[in-house]
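The structure appears right after this line, and notes come after that.
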Amino acid sequence: MMSNLRRIIDQISRDKGIDRQMLIEGLEEAVMSAAKKKFGMRREMEAQFNEESGEMELFQFRTVVNQVEDEQTEISLSEAQQLDPEAELADEIGSQMTNVSELGRIAAQSAKQVIIQKMKDAEREVVYEMFKDRKGEIVNGIVQRFERGNIIVNLGRTDAILPRNEQMPRRSYRQGDRIRAILLDVKQTARDAQLILSRTNKDFIVKLFTIEVPEMAEGTVSIIAVAREPGNRAKIAVVSSASDVDPVGACVGMKGSRVQNVVQELQGERIDIVPWSPDPAKYVSNALAPAEVSMVVVDEERKTLMVVVVNDQLSLAIGRGGQNVRLASELLGWRIDVKSEEKYSQIMEDDYQSLTAIAGIDKRQADLLYENGINSVAELSAAESEEIATLLEITVPEAEALKEVATASLAAEQAGPEDVVSGPENPGSEDAAEVEKSEMNAVVPENPEVETAEAEDAGAAVQEKTVAEEEE
């Protein structure tokens, strides 16, 4: 080996940040591998780095025997006593082998591969130790190159990858651009990239606000929930632990400076800052802003909210493509059903009339049921007999009889549409059905990613149809 090997080891250890002892162990293993390829795999050998001379030394160990049958593992007694006069039969005796630099080209190439692999493993371990406790932090880097849609970002000591699915939509980068992202994951595997970045993760918004809002960094203001469609719109629910600190005002900043810095970093993504509330009704009213909510019906058991808004506010509450109500549903974790006041009044009236139409229920009893949350035949059918008996001051068998009537009525109502012949005799009835379908109401599906219809077009359809009927 080269006499200046010690200097090379020190320089690599300093430049790469790799432990010096780890490098020496890698070199020793590489020399061992090369020596075995040259002298035989069955030899028992040991490589050591001499700190004084700065060179690698190679030793072999053989058993002392009378007659040598395997020169790779055995040595004669006479030859052993030349190395050590006190050597005896069956002793293990070690001797220094040829100069390591004379191992040959093939052995040297093998040693080089082992050293390179050891250095890569050592660098990977250094990177892992450096970043393993920084998961979830925002890092800054420079766009290095592009690989199959993924962006390789130079973080200084190492490279990270920004996968295609973690990039903001409709945003392109060029080599040399500065980029900011959250450190999503740190892997120790040798196969995949070690550092995974993201700009679409919800925590990215949280970290950006933590940087911009001092009250958030201090813990006075907190972000309770985040709903986001990257590149388009996001909603965050904030709360303050101090009564004299407005959480929304703290996030907005003077003249909107703080929130604008976050919006600029997200390339114009619109952000709604919502005051959090433990009351689901108030919380959903805040989440659907700027639409004005008239009434909220809460079903805590099913985690469902029926939100009633002014007729001309329905499209605003729903948003284009259902985005506003979809994000609000994701923010709360509840299913949200948005209806106009007109539609809600019609539904309530129909449900009330369905109660009064049941045999055995008079108007007074229907009012009692309605006032206590049993608003329709379906709810009456699902209610407990004891509850009905208590509300109406009747016996339990009488309550069960009412439930049976309600169940039969509900079954008949549900079976009704199956008996209707398709293709109505009166063409006008088909148009009426279309108008009914275009009533301005929207429901957030169980799967938030299912697109709801645009309510703006629904209102226009009703108006156009009304004009057409007047002209006829």
Subject >> Count of residues meeting criterion [without any contact (Cβ under 8 Å) to a residue 40 or more places away in the chain and either over 12 Å from E341 (Cβ atoms) or in contact with a Gly (Cβ under 7 Å, 6 or more places away or on another chain) (or both)] in the stretch 287-305 >> reply: 13
Subject >> Any chance D185 is assigned by TED's automatic domain parsing to the domain that holds N150 and either under 25 Å from V325 (Cα atoms) or under 16 Å from the mean Cα position of the chain (by Cα) (or both) >> reply: yes
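Those residues that are within 22 Å of E229 (Cβ to Cβ) and free of Cβ contacts under 8 Å to residues at least 60 places away in the same chain, I need them from the stretch 325-354; list them, please.
Looking only at the stretch 325-354, we keep the residues that are within 22 Å of E229 (Cβ to Cβ), and these are 325-338.
Once the filter is applied, which keeps residues that are within 22 Å of E229 (Cβ to Cβ) and free of Cβ contacts under 8 Å to residues at least 60 places away in the same chain, the stretch 325-354 yields only W334.
Is it fair to say I9 is out of contact with any Phe, Trp or Tyr (no Cβ under 6 Å at 6 or more places or on another chain) and in a helix (DSSP H, G or I)?
Numbers: out of contact with any Phe, Trp or Tyr (no Cβ under 6 Å at 6 or more places or on another chain): yes; in a helix (DSSP H, G or I): yes.
Answer is yes for this residue.
Which one is surrounded by the fewest Cβ atoms within 10 Å (Cβ to Cβ) among residues in the stretch 288-302 that are of a type outside the set (A, V, I, L, M, F, W, C) and within 25 Å of I271 (Cα to Cα)?
Among them, the one singled out is P290.
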**OP:** Residue by residue through the stretch 31-41, note down the ones that are touching a strand residue (DSSP E or B) at 6+ places or on another chain (Cβ under 9 Å) and either among the charged types (D, E, K, R) or in a loop (DSSP other than H, G, I, E, B) (or both).
**Re:** K36
**OP:** Output the qualifying pairs, or none if there are none: Cβ atoms under 8 angstrom, residues six or more apart or on different chains, first residue in the stretch 252-269 and at pLDDT 95 or above and part of a loop (DSSP other than H, G, I, E, B), second residue of a type in the set (V, I, T) and surrounded by 17 or more Cβ atoms within 10 Å (Cβ to Cβ).
**Re:** none
**OP:** Might you let me know whether the stretch 77-86 holds any residue that is part of a strand (DSSP E or B), modelled with pLDDT of 80 or more and over 52 Å from the mean Cα position of the chain (by Cα)?
**Re:** no
**OP:** Residues being of a type in the set (A, V, I, L, M) and part of a helix (DSSP H, G or I): count how many of those fall in the stretch 236-251.
**Re:** 2
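How many residues does the stretch 87-108 hold that are modelled with pLDDT of 70 or more, within 53 Å of the chain's Cα centre (by Cα) and surrounded by 12 or more Cβ atoms within 10 Å (Cβ to Cβ)? It would help to see each step written out before you state the result.
Pass one, the stretch 87-108, residues modelled with pLDDT of 70 or more: 87-97, 105.
Adding the requirement that they be within 53 Å of the chain's Cα centre (by Cα) leaves 105.
The next check asks that each one be surrounded by 12 or more Cβ atoms within 10 Å (Cβ to Cβ); those that pass are none.
Matching residues across the stretch 87-108 total 0.
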Original post:
Which residues, taken from the stretch 315-347, are more than 19 Å from K235 (Cα to Cα), assigned to a helix (DSSP H, G or I) and in contact with a helix residue (DSSP H, G or I) (Cβ under 7 Å, 6 or more places away or on another chain)?
Top reply: E341, E342
Original post:
Tally time: how many residues in the stretch 42-63 are assigned to a loop (DSSP other than H, G, I, E, B) and either in contact with an Asp or Glu (Cβ under 9 Å, 6 or more places away or on another chain) or of a type in the set (F, W, Y) (or both)?
Top reply: 1
Original post:
Restricting the first residue to the stretch 123-151 and requiring it to be modelled with pLDDT of 90 or more, which pairs with a second residue that is assigned to a strand (DSSP E or B) and surrounded by fewer than 12 Cβ atoms within 10 Å (Cβ to Cβ) meet a Cβ separation below 9 Å and a spacing of at least six or different chains?
Top reply: N140/R178; G141/R178; I142/R178; V143/R178; I151/R145
Original post:
Just checking, how many residues over the stretch 363-406 are of a type in the set (D, E, K, R) and more than 46 Å from the chain's Cα centre (by Cα)?
Top reply: 9
Subject >> Selected residue (only one of D244, D272 is acidic (D, E), on the phi < 0 side of the Ramachandran plot and either surrounded by 15 or more Cβ atoms within 10 Å (Cβ to Cβ) or touching an Asp or Glu at 6+ places or on another chain (Cβ under 6 Å) (or both)) >> reply: D272
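The values are calculated or read from the model by the stated rules, or taken from the named source; none is laboratory data. All of these numbers come straight from a predicted model, not from anything done at the bench. Cβ coordinates were reconstructed from backbone atoms using ideal geometry, including for glycine residues, and neighbour counts include every protein chain displayed.
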